[in-house]
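Please read through the structure below; I'll follow up with questions.
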Amino acid sequence: MDFDKNKYKVWKLPHPMLIHWIVNPGLAFNELILGQRIPKITLIDKASDAPLMERQYVPCPHCNTIHSGSLWAKQGAFKNWFGLFCPDCENIIPCIWNLTSLVLLAATFPIWGWFRRPLESRWRIYKKNQFIKNKDLAPITAKNTSWLKMGLIYGTLMFCFISLPNIISADVTSKYIITQLLIWLVAGLAFGGTMKLFLGRRKKV
Ligand SMILES: [Zn+2]
């Protein structure tokens, strides 16, 4: 698939954003648990001066449709375990994999390998219905995104998955619990703030 180089800037490997997604072990959590996936190719509209998140497009290599990146954000941006579902041709838009995810997937293959096909077909039906259900929802824009909520959800999830198992299994002090809560609160706010700065920026990239 060729793209108009004058209109779009193409983000693909070895773009630093994508390399970061591959090498940061923490992002295996986003991929495997939350089902957040990054497409192999993202197009950034060079002409527009809208916030970055509204200038992102994802091309489908199967039907050549150039989708707005917010199409998946509208569905919650998660649960894309098998890749990004194209609502036009119902194929999967290829995504990159985080290295840690790949190692974990390979190690646990004997468990999930048996269920891959039935799981994928159930997921496809789920995704198809999700797109039908959310068809008329207003597009996601930088303005109507709650970055604070995004940060707090992230912090809460990290606390539940990383600190909570420790708290339950070990004899920890209340000081430990409070420290962990504070750490994830700050991390969550930092995450939401970074996302706001990055995805909301209007400067051309
Ligand atoms: Zn398609």
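The values are calculated or read from the model by the stated rules, or taken from the named source; none is laboratory data. Keep in mind that this is a model prediction, so the values were computed, not measured. Neighbour counts are summed over all protein chains in view; Cβ atoms, including those assigned to glycine, are modelled from backbone coordinates with ideal geometry.
Only one of these conditions is not met by VAL58: (1) within 14 Å of the ligand (Cβ to nearest atom); (2) closer than 21 Å to ARG201 by Cβ; (3) surrounded by fewer than 15 Cβ atoms within 10 Å (Cβ to Cβ). Which number is it?
Result: VAL58 fails condition (3) only.
Within region 129-144, does at least one residue satisfy the condition of being within 16 Å of the ligand (Cβ to nearest atom) and touching a Pro at 6+ places or on another chain (Cβ under 7 Å)?
Yes, some residue in region 129-144 is within 16 Å of the ligand (Cβ to nearest atom) and touching a Pro at 6+ places or on another chain (Cβ under 7 Å).
While we're on this one: Could you check MET1 against (1) at pLDDT 95 or above; (2) loosely packed, with under 15 Cβ neighbours inside 10 Å; (3) within 16 Å of the ligand (Cβ to nearest atom) and say which number it fails?
Going through the list (1) at pLDDT 95 or above; (2) loosely packed, with under 15 Cβ neighbours inside 10 Å; (3) within 16 Å of the ligand (Cβ to nearest atom), MET1 breaks only (1).
Which residue pairs have Cβ atoms under 7 Å apart, sit 6 or more places apart or on different chains, and have a first residue in region 145-164 that is closer than 23 Å to GLY200 by Cα and a second that is crowded, with 17+ Cβ neighbours inside 10 Å and among the basic types (Lys, Arg)?
Listed pairs, sorted by first residue: TRP147/LYS196.
Quick check on GLU90: is it modelled with pLDDT of 95 or more, out of contact with any Cys (no Cβ under 6 Å at 6 or more places or on another chain) and not in a helix (DSSP H, G or I)?
Here the answer is yes, as GLU90 does meet what is asked.
Still on this model: Inside region 127-151, can you point out the residues that are under 18 Å from MET195 (Cβ atoms), assigned to a loop (DSSP other than H, G, I, E, B) and of a type in the set (D, E, K, R)?
Correct list: LYS143 only.
Follow-up. Considering only residues that are surrounded by fewer than 19 Cβ atoms within 10 Å (Cβ to Cβ) and without any contact (Cβ under 8 Å) to a residue 60 or more places away in the chain, which ones fall in region 27-39?
GLY35
In region 93-138, what count of residues is obtained for those that are over 25 Å from LEU18 (Cα atoms), loosely packed, with under 13 Cβ neighbours inside 10 Å and not hydrophobic (A, V, I, L, M, F, W, C)?
Selection size over region 93-138: 12.
Return the residues of region 82-105 that are among the hydrophobic types (A, V, I, L, M, F, W, C) and farther than 18 Å from ASN24 by Cα; say none if nothing qualifies.
PHE82, LEU84, PHE85, CYS86, CYS89, ILE92, ILE93
Out of all the residues in region 80-92, which are out of contact with any Gly (no Cβ under 6 Å at 6 or more places or on another chain) and under 27 Å from HIS20 (Cα atoms)?
PHE82, GLY83, LEU84, PHE85, CYS86, ASN91
Kindly indicate the residue of region 64-121 that is of a type in the set (Ser, Thr, Tyr) and more than 21 Å from LEU137 (Cβ to Cβ) and also nearest to the ligand (Cβ to nearest atom) among those meeting that condition.
It comes out as SER121.
Give the residue that is nearest to the chain's Cα centre (by Cα), with candidates limited to residues of region 61-117 that are aromatic (Phe, Trp, Tyr) and farther than 19 Å from LYS133 by Cα.
Per the criteria, the residue is TRP81.
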